[in-house]
Structure formats: structure tokens, C-alpha cells
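Have a look at the structure below, then the notes.
Where a number appears in this text, it was derived from the coordinates with a stated rule and is not lab data. Every value quoted in this text rests on a predicted model; they were computed, and no experiment measured them. No Cβ is skipped: glycine too gets one built from the backbone with ideal geometry, and neighbour counts run over all protein chains shown.
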């Protein structure tokens, strides 16, 4: 994939990866789930994207795994299905899968959990006849080195109220984000910038959005976006290093006049934004963005140094 904020380098090792389905390893071309699975039928499930870095013994360590699993299990509880493995058991399964693939560096994991297989393709959870389906896909994925920042486009698709679809739930049902992504791609942009129901800036379709104005770091209130782990880490690191960091309402007017802008996510960390809706922000990485990038990489190194 050569476009979008999640562009990655092709790696032939991915042709031979082994994928874990419910604790059993399968070759990539043999990894299959039922057409009656809740995730396929209805998008009924939750997921996490995990990043792997080499640990002190050379074996891959999943960054912030405890926080990711807490979010995953909270999501399953919200959807009212009970995980049939503990967090410790799932942790072991994740690391066993990494070791089986000799995957210890530059690796991204997609961890997906659905309600399970249904007796018939119908939305009622009581039609589910198996425990949850848990899939672990590890891939060798390095972000493409970019010579310029991302170009964003503000779309008409909004981040909605929690009584419609709670944006804090990392569910498989991501149609609003997919429609936003499509609109941004049609406009020739790398990512969609999405507003909240009141017209304030919320987040992007697959990353979180920050601006810098007058030396201050601004991001949305967080009321209408996923509780991003990289997002919260950046806010903490900024405050620990005497940077004024605010979660607040702000409009596109504030964005267009920003000194710097960047996006955050598990896959690529902290990435600069070059333009929004054709308005140039910066043709190079800004000083505060660069500083926060450095803080984040140091923090990752500290976390990974603790090992598994």
C-alpha cells in the first residue's frame, strides 16, 4: 500500500506468515473463519492494532500491551460477550504467535475478537453458538519513509453521539470511518479529518489529530473519538516536559492558522501534517512535533526495555 497514512513497505516474509485462529496456527492461505461468524455477518466484534519492537533479549515486545488488552476486554464487555481466555492467556498466545513467525522487529499485529459463530445470519446475540473467535495476524510492516507530511481533507462524515455509535468502542463496525476514508481518497488526500456533531475538529478516520498554536499543543476534547493510546501518551509526555497541552474545542479556522500539525497512531507513532484542505501548514516537520517524536521514541524504548 503506497498511499494513506498507513503506507508500508512490501515484505515477502508476509507470504509465509502463520496466523493464529483460536489458539491454532494456520498458513496465511489456509487461515479461514466461518461465513456464519459474527464478525463477517455483522461486524460484531472488537479489535486492536499492536506494534512490536525488539526487546532486551532480541525477542519482540508488544508496546503498551496491557493498555491495549484493557481496551479490548472493555469493548467485549460493552458488546456483552465474555472472552473465553484471560488476558494472561491471550498474552501468551500473542507471543507464541510472534515466536512461531520469528517476528521480533518491524511487526504489526491485528488482534480481532468477534462474538463467535451464529446458528443463522441474524443480529440477535442469542443466535451465537460458539465462544468468541480470536484471530491474531502478525505482519512485517514498516512505515514508508515519507519526505513530506500528510495531506488531510475535511469530510462531511461526522463523528457521532455515543447513543448512536460510541466512538470510544473500537468495534469492527467502522463504516463511518471507511466512508470518511473514501471521501478523502477521492479528494486526493492521505487521510480524512472528521468533525464532531457540533462542527468542532474531532479526529481523523484512523489516526488522532493535533495542532500547535503559539507554542501550545491542542487536540480535541476526546468526547467523539477513540481513547487513543498513542494520543494519551503524547499528552502525558508533553505535560511532563512543560509543554502546555490542551484538550479543547477548536474549529477549522484554528487548524488553517496553526503553526504545526501532526497525527498519532500505533502504526507510525507521531507523523507531521503538511496541509489541511489545501491550506499549507508546514513543508517540514515543526520543532515541537520533532521534539514530541523524540520523547515518544524514548518512551517506547523505556517500555520495551522492560521485556515481555
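Over segment 150-305, how many percent of alpha carbon pairs lie in each 10 Å bin up to the one with the longest distance?
Calculated P(r), rounded to whole percents: 11, 43, 35, 10, 0.
Please quote Rg/Rh for segment 249-296 to two decimal places, taking the Kirkwood radius as Rh and restricting both calculations to Cα atoms. All intermediate terms of the calculation are to be shown ahead of the outcome.
Details: Rg = 11.1 Å, Rh = 11.3 Å.
Looking at segment 249-296, the ratio lands at 0.98.
Going by average Cβ neighbours within 10 Å, how do the peptides 76-88, 34-46 rank, with the highest at the top? Walk me through the numbers before you get to the answer.
Details: 76-88: 14.1, 34-46: 19.8.
Order by mean packing, descending: 34-46, 76-88.
If you take the beta carbon distance between residue 249 and residue 298 as r and set R0 to 25 Å, what does 1/(1 + (r/R0)^6) give as a FRET efficiency, to the nearest 0.05?
Numbers: r = 31 Å, r/R0 = 1.24.
Step by step, r from the Cβ atoms, then E = 0.20.
How large, in Å, is segment 97-212 by the Kirkwood hydrodynamic radius built from its alpha-carbon pairs? Don't skip to the answer; put the middle values down first.
Numbers: mean 1/r = 0.0580 Å⁻¹.
Here the Kirkwood hydrodynamic radius works out to 17.2 Å.
Nearest 10 degrees, 0 to 90: what angle lies between the long axis of helix 229-240 and the longest principal axis of the chain (Cα atoms)?
40
If you bin every alpha carbon distance in segment 12-140 into 10 Å steps from zero, what whole percent lands in each bin?
13, 43, 32, 10, 1
Zone of residue 221 (label point 7 Å along Cα→Cβ, backbone N under 18 Å): which residues in segment 159-196?
Zone members listed by number: 159-169, 194-196.
Which angle between 0 and 90 degrees, to the nearest 10, do you get for helix 65-78 versus the longest principal axis of the chain when only C-alpha atoms count?
Approximately 70 degrees, to the nearest 10.
Once both labels are modelled 7 Å past Cα along the beta-carbon direction, what's the residue 34-residue 16 spacing in nm?
With each label point 7 Å from Cα toward Cβ, the separation is 3.4 nm.
With each label point set 7 Å from Cα along the Cα-Cβ vector, what nm distance links residue 305 and residue 120?
It works out to 6.0 nm between the two label points.
In degrees from 0 to 90, rounded to the nearest 10, what is the angle of the helix 287-305 Cα long axis to the longest principal axis of the chain?
Between the helix axis and the principal axis of the chain, the angle is about 30 degrees.
Once the convex hull of the alpha carbons of segment 152-203 is built, what does its volume come to per residue, in cubic angstrom?
On the way: hull volume 3.8 nm³, N = 52.
Dividing the Cα hull volume of segment 152-203 by its residue count gives 73 Å³.
Cα-based Rg of the chain per 2.2 N^0.38 Å, rounded to two decimals?
Numbers: Rg = 19.6 Å, N = 308, 2.2 N^0.38 = 19.4 Å.
Cα Rg divided by the expected 2.2 N^0.38 Å: 1.01.
Counting each DSSP H run of 4 or more residues in the chain as -39500 (n - 2.57), what helix-only mean residue ellipticity at 222 nm follows after dividing by all residues, to the nearest 500 deg cm²/dmol? If you can, show how the numbers build up before the last one.
Numbers: 8 runs with 85 residues, N = 308.
That comes out to -8500 deg cm²/dmol.
Calculate the radius of gyration of the Cα atoms of segment 187-263 to one decimal place, then report Dmax, the largest Cα-Cα distance, as a whole number, both in Å.
Considering segment 187-263 through its Cα atoms, Rg and Dmax are 12.0, 38 Å.
How large, in Å, is segment 1-81 by the Kirkwood hydrodynamic radius built from its alpha-carbon pairs? Before the final figure, lay out the partial values.
Values: mean 1/r = 0.0636 Å⁻¹.
Across segment 1-81, the inverse of the average 1/r is 15.7 Å.
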